[in-house]
1. Search the range 49-66 for residues that are without any contact (Cβ under 8 Å) to a residue 60 or more places away in the chain and under 27 Å from P270 (Cβ atoms) and pair each with any residue that is part of a helix (DSSP H, G or I) and of a type in the set (F, W, Y) when their beta-carbon atoms are under 9 Å apart and the residues are at least 6 apart or on different chains.
2. Run down P194, P270 and say which single residue is more than 28 Å from K376 (Cα to Cα) and in a loop (DSSP other than H, G, I, E, B).
3. Just give me the residues in the range 169-203 being under 24 Å from L371 (Cα atoms) and surrounded by fewer than 24 Cβ atoms within 10 Å (Cβ to Cβ), in sequence order.
4. I need the full set of residues from the range 33-69 which are acidic (D, E) and either at pLDDT below 95 or over 21 Å from F263 (Cα atoms) (or both), in order please.
5. What is the residue count in the range 17-51 for residues that are closer than 22 Å to S225 by Cα, more than 14 Å from the chain's Cα centre (by Cα) and not in a strand (DSSP E or B)?
6. Every residue in the range 136-161 that is of a type in the set (V, I, T) and either touching a Pro at 6+ places or on another chain (Cβ under 9 Å) or in a strand (DSSP E or B) (or both), please.
7. Mind checking whether some residue in the range 119-135 is surrounded by fewer than 21 Cβ atoms within 10 Å (Cβ to Cβ) and not in a helix (DSSP H, G or I)?
8. L165 - would you say it is part of a strand (DSSP E or B), over 30 Å from T288 (Cβ atoms) and touching a helix residue (DSSP H, G or I) at 6+ places or on another chain (Cβ under 9 Å)?
Amino acid sequence: QSTWGLHMLFVLCSLSFSDTFAVLIAGSNDYYNYRHQADISTIYIGLIKRGIKASNIITLAYDDIAPATENPFKGQIFHTLQHVNIYQGSGTIDYRTTTVTAKTFYDVLKTLPSTASDYVFIYYDDHGGPGILGVPDGNGDYIYADDLGNAIAQLANANKFKKVLFGIEACESGSIPGSWSSVQNILTITASGPDESSYAAVYDSGLDTYLTNEFTNYWISYMDSNPGDTVNSLWTYVLSMTKGSTAHIYGDETILSLPLSYFFGNLAKPEAPMLTKAVDTMKSTLVTGLTVENLIAHSKSHQVQQNALSLKLKLNLEKTKFKEALKNLVKYADIKNYYFHLKNKNAPVTTDYLDCVRYFVSKFGQVNGDLLPKFKVIKSLASRVPVKAIKEAIDQVFP
């Protein structure tokens, strides 16, 4: 009995000297991406409610949804059809507007003020493609898997955590965690596999946009209603409930046995989740077009309609130019396997591929987040054609 008592004392003392830190990032801007910032705001509220100190939560969000011209409820953001305002104000966001960049995200991770005994929760919510996560339009480089892996490795090498739980809501998010597979004590749960879309959820006809994402909706729902459970219970729930895509898990599965409270804080008693069923799900890559069309058709504001029409034309032109550039790239780089490269989804994410994407983007520029999955064409090329030859072909596409 005395041995058991000493053991429990040790456990309690260990917990008393550990803390929880969180990094939350919504990687988009513009009203048609409403759901990403709504998700992050809701997760932030959940952590605060559970006793996580605001100073321990670092939030990155463009902060343009509440004041958006398209928003019929100015100053408010909703996450459910009950229209409960979850916008906590600009003061709760550490990095806003043009500071929401890939570099900021890496720097936040590298310099997190945590210790070797602390638990870290990271959540990313936006668009993605093979080995790529988006940032707000106009904010520079994408978040590349290898760069993110390096930032996480630096966090690990500095002994800044005991365990990390990393959630990623994005299309093709399963293609990202391989870049830190050698880092110990990290468990990553993704909304989708390496080559599938994630899904938006809960369409609100009063706002003409989606309020959340399917995977994240269930993640938040489980946090609310099962605070005393383990990470494994959360994982099992999101895996079984997310229907549009297939949730995936990577890394240190010993973390599955840990209490959710280590990463989310303690909730005095379970709450009835505001939403337990995702409705009106749609492929994330199709949501922008739907939102823009509905704003054109339904908005009572002439300015909103004109802005949406201009955006529709801009996005359609960008999509056409991007697809044409990729087709021309394949013609120059490996015309014998033209149709194979346009359809191939199974090539691996490699540093050669990411190097080629960086070079392509330096010539073409950034693309809308919905188009990121189409970089699979370059991924396929990089699996069969030398980097030098691909870059020479890119130079031919953009002389």
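The values are calculated or read from the model by the stated rules, or taken from the named source; none is laboratory data. A quick note: this is a predicted structure, and the numbers were derived from the prediction, not measured. Cβ: placed from backbone, ideal geometry, glycine included. Neighbour counts: every protein chain shown.
1. That search, which allows pairs on different chains as well, returns A54/Y44; I57/Y44; T59/Y44.
2. Working: P194 fails: more than 28 Å from K376 (Cα to Cα).
The conditions single out P270.
3. G178, S179, G193, P194, D195, E196, S197, V202, Y203
4. Taking the range 33-69 as the starting set, the residues that turn out to be acidic (D, E) are 39, 63-64.
Within the range 33-69, D63, D64 meet the criteria.
5. 9
6. So the first thing to find is which residues in the range 136-161 are of a type in the set (V, I, T), and the list is 143, 152.
Of everything in the range 136-161, just one residue is of a type in the set (V, I, T) and either touching a Pro at 6+ places or on another chain (Cβ under 9 Å) or in a strand (DSSP E or B) (or both), namely I143.
7. The answer is no, given that none of the residues of the range 119-135 is surrounded by fewer than 21 Cβ atoms within 10 Å (Cβ to Cβ) and not in a helix (DSSP H, G or I).
8. Details: part of a strand (DSSP E or B): yes; over 30 Å from T288 (Cβ atoms): no; touching a helix residue (DSSP H, G or I) at 6+ places or on another chain (Cβ under 9 Å): yes.
Considered against the rule, which asks whether it is part of a strand (DSSP E or B), over 30 Å from T288 (Cβ atoms) and touching a helix residue (DSSP H, G or I) at 6+ places or on another chain (Cβ under 9 Å), L165 comes out as no.
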